[in-house]
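The values are calculated or read from the model by the stated rules, or taken from the named source; none is laboratory data. What you see is a predicted model; the values in this text were computed from it and never measured. As a convention, Cβ positions derive from the backbone with ideal geometry for all residues, glycine included, and neighbour counts pool all protein chains shown.
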Amino acid sequence: MVYPHHGAGKVLKREVKERFGAAREYLTIKILHNDMTVMVPTENAGRAGLRRVIDEEAVERVLSVLRDDVSQMPKNWNRRFKHNRDKIKTGDVYELAEVVRNLAIRESEKGLSTGEKQMYTRAKKILASELMYALEMEEDEVEEHLDSLIEESHDGRQNGAAPAGSGSRNGAAVAAK
């Protein structure tokens, strides 16, 4: 399962607990990348943004987003921060991938504010935690793959060449690992 604000995790148990005088069913989810455990009422699972880990086709789309060029962002750092925070809040994996890509490229070109650096680290961890399950890789392997994918694509653009892996099924080779 993916809990958008924390990352991917494993459902440990489903149980009924009495809280505030009412019995409710809860999912207990272990978020592996930060060793956190969360309990979510099953009736609020959809509203909380809980969803299944993406499939192979969605992985390809995420990798494609990461290879794309930077999208338009506000120039002012605090507007850009709010813009990216709102994208992360949606829980949409493609929006998350866009934030990771944009912040990675901005970091390499102009640097990031302290808040943006923290956001970039957190967004990358959340994305990596989901790809870790989807690609059946270790978290550090996924993070290295994300870094190299963005770097190769961006370097290719800066040198006037087509981005490395564009048009290819770069992610398929990783998924087969």
**Message:** Can you report the number of residues in region 1-54 which are of a type in the set (Ser, Thr, Tyr) and under 23 Å from VAL100 (Cβ atoms)?
**Reply:** 1
**Scan of region 33-62 for residues that are within 15 Å of LEU12 (Cα to Cα) and of a type in the set (S, T, N, Q), ordered by number** = THR37, THR42
**Request:** Find the residue count for region 78-103, including only residues that are surrounded by fewer than 23 Cβ atoms within 10 Å (Cβ to Cβ) and of a type in the set (Val, Ile, Thr).
**Result:** 2
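Each row is one residue, and each column tells you yes or no for (1) without any contact (Cβ under 8 Å) to a residue 40 or more places away in the chain; (2) of a type in the set (Asp, Glu).
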residue: PRO4; (1), (2): no, no
residue: LEU12; (1), (2): yes, no
residue: GLU18; (1), (2): yes, yes
residue: GLU25; (1), (2): yes, yes
residue: PRO41; (1), (2): yes, no
residue: ALA48; (1), (2): no, no
residue: ASP55; (1), (2): no, yes
residue: VAL65; (1), (2): yes, no
**Asked** Out of GLU57, GLU18, which single residue is farther than 30 Å from ALA104 by Cβ and not in a loop (DSSP other than H, G, I, E, B)?
**Response** GLU18
**Asked** Where in region 68-143 are there helices (runs of 4 or more DSSP H), lying fully within it, with 2 or more residues that are acidic (Asp, Glu)?
**Response** 93-109, 114-135
**Asked** When you look at GLY49, is it of a type in the set (Gly, Ala, Ser), outside the structural domain of ASP147 (by TED's automatic domain parsing) and either surrounded by fewer than 17 Cβ atoms within 10 Å (Cβ to Cβ) or part of a helix (DSSP H, G or I) (or both), yes or no?
**Response** yes
**Request:** Taking only region 104-124 into account, find how many residues are within 10 Å of the chain's Cα centre (by Cα) and buried (at least 20 other Cβ atoms within 10 Å of the Cβ).
**Result:** 2
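Residue-wise test of (1) touching a Gly at 6+ places or on another chain (Cβ under 6 Å); (2) of a type in the set (S, T, N, Q); (3) over 13 Å from LEU127 (Cα atoms); (4) at pLDDT below 90.
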site	(1), (2), (3), (4)
ALA8	no, no, no, no
VAL11	no, no, yes, no
LYS17	no, no, yes, no
PHE20	no, no, yes, yes
ALA23	no, no, yes, no
THR28	no, yes, yes, no
MET36	no, no, yes, no
MET39	no, no, yes, no
THR42	no, yes, yes, no
**Asked** Would a scan of region 106-122 turn up a residue that is under 20 Å from GLU60 (Cβ atoms) and in the same structural domain as ARG80 (by TED's automatic domain parsing)?
**Response** no
**Request:** Of the conditions (1) within 16 Å of the chain's Cα centre (by Cα); (2) in a loop (DSSP other than H, G, I, E, B), GLY9 clears all except one; give me its number.
**Result:** (2)
**Item:** Matching residues, region 21-43, being closer than 21 Å to GLU136 by Cα and not in a strand (DSSP E or B)
**Value:** LEU32, HIS33, ASN34, ASP35
